[in-house]
Amino acid sequence: PPQNQPFVTSSISTLSTGSCPTEQPTSTTMADRKPVNAAAASKPAAKAKKSSSSKSSSSSSSSASSSPSDELVKLVWLGAVVYAAFFFLSNAYIIRLQAIQEYGPVIHEFDPYFNWRATQYLYENGPKKFFNWFDHKVWYPLGRPVGTTIYPGMQFTAVFLKNFVFGDSMSLNDICCYIPAWFGVCATILVGFIAHEASLPQNTGASIFGVMLDGIRGRYADDESMGSGPGKKRVWNYYSPSVECAICAMGFMSVVPAHLMRSVGGGYDNESVAVTAMTLTFCLWMRSLRNQDKYSFLFGILAGVAYFYMV
C-alpha cells in the first residue's frame, strides 16, 4: 500500500548499508519508550477516573431518585408530630376548662378565693400599699400582714395580664379563673421541651450509672463520649427519637392527676403558676449546659430570672 512505502524504502536502505536497525543508542530507545510507557500508564488512570465519575454519577442519580421518598417521609413525620402536639395540648386545655364550662368563671375553694382578694387589692391600690397591707378578715382575730406572708408572683401575673394584655376586654375575675388552665398548658409544653433536651444525641451518650460514677470520681465527661447517643436528624435541627420523647412527655403531663388537680379552671392557687415557673427554670437551665453553643450563658441568665419568678 502507499502508506507503507517509506517503511519499505527505509528498510531497503538499511539492508544495503549493512547496519542493523536494532543497533541504536540506548538513550534513544529509552527516550522513545518513555512516552509509550507514560501513555500506557495514563490509560488505567483514565479508566479509573472514568469509572469513578460513572460511579459518582450513578450514586448521585440514585440519591436523586431516592430524595423524593425521603422528603415525603420527612413531611409525613413532621405532620404526625404537629398533629400529636396539637391533640395533646388542645385536650389539656379542654379538660382544665370543664369546671368553667359547667359552673361558669367562679373561684373555687378557700385559698383561691383569698388569692383573688389579694389580686383585687393589688389591682386597685398598687404594689406599695399591697406590701404594707394588713388584712383583718383573715387569721381572725389576729389578722394577717399579707405583704410579708404571701408569694406575690401569681397576683402580679394576673394584674400584668389585666393591664397590658387584655385590658377592658376581660374582667379580673375571669383572668384569675382562666390562669390555671393557661399556665397548665404552658407547663405541658415546657415538660416536652425538657424531655427533648434530655434525649438529644449529645446528651444520651452515657448511662446514669456512668454519670454517677464520674460524679463520685470528680471527672467530667467530654463532648465525644456524651455525643455518641442514638439519634437521626429528620427536619431542620430536630432529631428522632428526641421529638417523639417530647410528644410523649406532653401527653403524660396533659392528663397526669397530680398536675391536673392544681391547674383546673377556677382553682386560682399558687401551684397553677409555680409549676409552670419551675418547669421553665429547669428547661432553661438544661439548655444552658450545651458546651458547643457559645450563647449558652444567655439561657443561664434567663434561668436565673425564671428561678426568681418561681420563688
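The values are calculated or read from the model by the stated rules, or taken from the named source; none is laboratory data. The model shown is predicted, which means the values in this text are computed figures rather than measured ones. All Cβ positions, glycine included, derive from the backbone under ideal geometry; neighbour counts span all protein chains shown. With ligands, DNA and RNA removed, areas are computed over all heavy atoms of the protein, side chains included. Shrake-Rupley method; radii C 1.70, N 1.55, O 1.52, S 1.80 Å.
Assorted remarks:
- Unmet requirement for H108, which otherwise passes all of (1) within 24 Å of F193 (Cα to Cα); (2) not in a helix (DSSP H, G or I): (1)
- Annotation: of all residues in the range 121-152 being assigned to a helix (DSSP H, G or I) and of a type in the set (D, E, K, R), the one that is most open to solvent (accessible area, probe 1.4 Å) is K128.
- The listed residue being at pLDDT 80 or above, open to solvent by less than 60 Å² (accessible area, probe 1.4 Å) and either of a type in the set (D, E, K, R) or within 27 Å of V73 (Cα to Cα) (or both), out of I189, I179: I189
- Qualifying positions in the range 67-93 - surrounded by 11 or more Cβ atoms within 10 Å (Cβ to Cβ) and polar (S, T, N, Q): S90, N91
- Unmet requirement for Q155, which otherwise passes all of (1) touching a helix residue (DSSP H, G or I) at 6+ places or on another chain (Cβ under 6 Å); (2) of a type in the set (S, T, N, Q); (3) open to solvent by 90 Å² or more (accessible area, probe 1.4 Å): (3)
- All of (1) modelled with pLDDT of 95 or more; (2) over 21 Å from I179 (Cα atoms) hold for F87 with one exception: (2).
- Among the helices (runs of 4 or more DSSP H) confined to the range 200-311, the ones with at least 1 residues that are modelled with pLDDT of 75 or more and open to solvent by less than 30 Å² (accessible area, probe 1.4 Å) are located at 242-255, 257-260, 270-287, 296-310.
- Neighbours by Cβ (under 7 Å, 6+ apart or cross-chain): first from the range 139-151, touching a residue at least 24 places away in the same chain (Cβ under 8 Å); second outside any loop (DSSP other than H, G, I, E, B) and among the aliphatic types (A, V, I, L, M): V146/A118; I150/A118
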